[in-house]
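Each value in this text was obtained by applying a stated rule to the coordinates, not by laboratory testing. Just so you know, these numbers come straight off a predicted model, no measurement behind them. Cβ placement follows ideal geometry from the backbone for every residue including glycine, while neighbour counts extend to all protein chains displayed.
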Ligand code: 4HQ
């Protein structure tokens, strides 16, 4: 997978490329990355990338010529790549989109600054408009990093078998189960006994219950859209029976 980032602050990406799983994915050539400075495509001597908005008002707009030049150059290098503009107007990014994007041969991520980019660039040169959420950033760079991060870990071979992406939160529309590590007792609080038992089937069952419980309590919206399997329905029914029993006991 090729990632090309277009930004007027390409140095923001240096530390991002240099750490953790992203760094390892680059070293193992699972991803190829490059950053293009939009300023290099500004035709004038002062390399201006912004201008005042037509119709007046405050703030500045990204000029179309440097952006268009940078996008065309990036797209030419990887003809199969899709171009993504980061904008609050885009489709809201989620795990499903990450999976979709992970199947692309390459992504060109366009990071705007100021109030946004000239509308004509969006229309002519952009395949997808993506938002990372309903809040306003000072630029698209952090949004691009989030997309690159979420997509990279889905590329085969990037995560070890240990942390395979199929097991994640959201891969099955459930939050992850609780996690514990040593020591067995931390500030008086114990690790659930079953996790120390070595009984793998029981442990898997506990983990599914933990996932379901956490999703029910913290993100019931996820449960509503999920296709529950037989085992999951059985667990929810069991809880329902237990709660009913408790209520009946209260009444007596
Ligand atoms: N931006 N998701 C870039 C965002 C944003 C978001 C605001 C994008 C400023 C210039 N990008 N413009 N939310 O807030 O992707």
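Residues of segment 121-148 that are more than 9 Å from the ligand (Cβ to nearest atom) and farther than 20 Å from residue 36 by Cβ: 123 alone.
Can you tell me which residue in segment 141-161 is surrounded by the fewest Cβ atoms within 10 Å (Cβ to Cβ), limited to those that are within 14 Å of the chain's Cα centre (by Cα) and in a loop (DSSP other than H, G, I, E, B)? Once the filter is applied, the top-ranked residue is 155.
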